[in-house]
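To start, the structure itself, in structure tokens.
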Amino acid sequence: MRRCWAEPFKIKMVEPIRTTSLAERQRALGAAGFNTFLLRSEDVYIDLLTDSGTSAMSDRQWAAMMLGDEAYAGSANYYHLEQAVHRFYGFKHLIPTHQGRGAEHLLSRILIKPGDIVPGNMYFTTTKAHQELAGGRFHDVIIDEAHDPESEHPFKGNVDLDKLESLIRAAGASRIPYLSLELNVNMAGGQPCSMENIRASSELCHRHDIKVYLDATRAIENAWFIKQRERGYADRSVASILLEICTHADGATISSKKDHLVNIGGMLLTNDDELADEARNLGVLFEGLHTYGGLAGRDLEAIAVGIAEAVQDDHMHARIGQVEYLADRLLAAGIPIVRPTGGHGVFIDARRFLPHVPQQQFPAQALAAEIYLDSGVRSMERGAVSAGRHPDTGENIMPRLELVRLAIPRRVYTQAHMDVTCESIASIYDERRRIHGLRMVCEPKRLRFFQARFEPLRDAGSLCIASRRPDGAASSNPS
Ligand code: F0G
């Protein structure tokens, strides 16, 4: 018989959360322009907007914060973090940054010349924006299966080596500064790359003198999937798999706000002495001196402890296990989600959930709004709004994946929170025909999904299924 598992921790401190009435949620959503990013968190019941910076730190991390050495230069905490990075990632140089996009900015500025092309296995919003800001163009080389939410391919984050090779042939290796290789690809649904593919992509690039930089933000979760799914790795520790992944790359950018179990921080890692010097120098302008990079000493110390906790197999088992628990419940309720279940959350396929809403009317954005109205659960659009506009033509990009992401913060919510979330979505699914699309009425120039505002295409009441229920309130969050 398959035995249950449980989290490898117990809860020492709790943070109250507030339930709200339907009328309060309607008011809050209207004020937020139907964009869940613009809600106040005090109006949210279960916050699945992101797994970024939302982890619960351990008692050891909080204790480590008391050991902050707040020296402007040469803080002891920097050297502790450097030791952790050497031990668990193996790269030679550490340049701390305030968060992941700080590292992306430095790397893009140093390596990309105007007109360059940067291949990547699907895009991430901030990564692509920094590549474009530096004058480059992103080119997608992920396997086709990644764009198909129903494909059961176990490594949907993989690079399509033929696509990469054709690009090198067509553009010329000198126009390609590096391969941007994201692990556990966020926009594809938290989908991993196999070790075999990481190795082969790296060999192909290095044969052409093209560097390989990982987006290792969720590399530890990727290592867990390699252990689960790739032949030869079942008996290996997550930590040893992580180290092996990193041997194939020249460096990495990391947002510590995910895998590393902290609320802020990031880093650029590299084996390249020259690039490290340049990044340390440029970092002074944008981040802070190279031994703190925009972070307090206490933050550096919490990251060092967080990395050591994150690579524990039992932590990863519970972390991914909770995501799988929610996914399995949603599947049992017939909800169309991206398969196989990914690492940091469950992604609802809004195209199949709302087949009657055309993509120009932002079905994923409308569904995220509806889920909030129903139960106060906050999710995020990952579809046409996030994809933005084409940098040359200005046309809206219409990606094949039109998703609502339920990202699960690490060590924060219980199984009961997952049950409430599932019940809310299942009840909306029963009445999905009543959901209408949205019109964008305010569109910021950059990364528009953060601050865009919308209006319902029909009156707001028609968007809100919950208001049509006899009790006029959400089933799962009565108040
Ligand atoms: N790379 C990936 C794969 C990410 O998911 C993120 C952030 C970043 C880079 C940028 O890091 O936020 O520390 O500057 N993702 C968040 C999310 C915002 O919700 O997925 P950052």
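At-a-glance table
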{"item": "Pairs, first part of a helix (DSSP H, G or I) in the range 346-358, second open to solvent by 60 Å² or more (accessible area, probe 1.4 Å), C-beta under 9 Å, six or more apart", "result": "R351/R400; R352/E150; F353/R432"}
{"item": "Hits in the range 259-270 (condition: within 16 Å of the ligand (Cβ to nearest atom) and more than 15 Å from R410 (Cα to Cα))", "result": "G265, G266, M267, L268, L269"}
{"item": "Qualifying residue in the range 346-354 (condition: under 21 Å from the mean Cα position of the chain (by Cα) and open to solvent by 10 Å² or more (accessible area, probe 1.4 Å))", "result": "yes"}
{"item": "From the options A32, A23, residue that is at pLDDT 95 or above, surrounded by 15 or more Cβ atoms within 10 Å (Cβ to Cβ) and under 26 Å from V441 (Cβ atoms)", "result": "A32"}
{"item": "Output for the range 71-126, where each listed residue is surrounded by 19 or more Cβ atoms within 10 Å (Cβ to Cβ), small (G, A, S), more than 14 Å from the ligand (Cβ to nearest atom) and not in a helix (DSSP H, G or I)", "result": "S75"}
{"item": "Residue list for the range 287-304, restricted to those being among the β-branched types (V, I, T) and within 24 Å of the chain's Cα centre (by Cα)", "result": "I303"}
{"item": "Qualifying residue in the range 89-100 (condition: modelled with pLDDT under 95 and more than 27 Å from G343 (Cα to Cα))", "result": "no"}
{"item": "Matching residues in the range 375-398 - criterion: being of a type in the set (D, E, K, R) and open to solvent by 50 Å² or more (accessible area, probe 1.4 Å)", "result": "R389, D392, E395"}
{"item": "Count of residues meeting criterion [of a type in the set (D, E, K, R) and open to solvent by less than 10 Å² (accessible area, probe 1.4 Å)] in the range 226-277", "result": "1"}
{"item": "L438 vs. criteria in contact with a Phe, Trp or Tyr (Cβ under 7 Å, 6 or more places away or on another chain) and surrounded by 20 or more Cβ atoms within 10 Å (Cβ to Cβ)", "result": "yes"}
{"item": "Options E309, E324: the member that is open to solvent by 10 Å² or more (accessible area, probe 1.4 Å) and over 17 Å from P149 (Cα atoms)", "result": "E309"}
{"item": "The range 399-413 residues that are open to solvent by 10 Å² or more (accessible area, probe 1.4 Å), paired with ones that are more than 16 Å from the ligand (Cβ to nearest atom) (beta carbon under 6 Å, 6 or more apart)", "result": "R400/H147; R411/A56; V412/A56"}
{"item": "Filter result (within 16 Å of the ligand (Cβ to nearest atom), closer than 30 Å to I303 by Cβ and not small (G, A, S)) within the range 11-45", "result": "T36, F37, L38, L39, V44"}
{"item": "Near pairs, Cβ below 8 angstrom, 6+ apart or cross-chain, from the range 169-192 (over 30 Å from I337 (Cβ atoms) and among the hydrophobic types (A, V, I, L, M, F, W, C)) to any residue that is part of a helix (DSSP H, G or I) and more than 9 Å from the ligand (Cβ to nearest atom)", "result": "I176/L167; I176/I168"}
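The values are calculated or read from the model by the stated rules, or taken from the named source; none is laboratory data. Remember, predicted model here, so these are calculated numbers, not experimental data. Methodologically, a virtual Cβ is constructed for each residue, glycine included, from the backbone with ideal geometry; neighbour enumeration extends over all protein chains shown. Remember, those area values only see protein heavy atoms, side chains included, never the ligands or the DNA or RNA. Shrake-Rupley method; radii C 1.70, N 1.55, O 1.52, S 1.80 Å.
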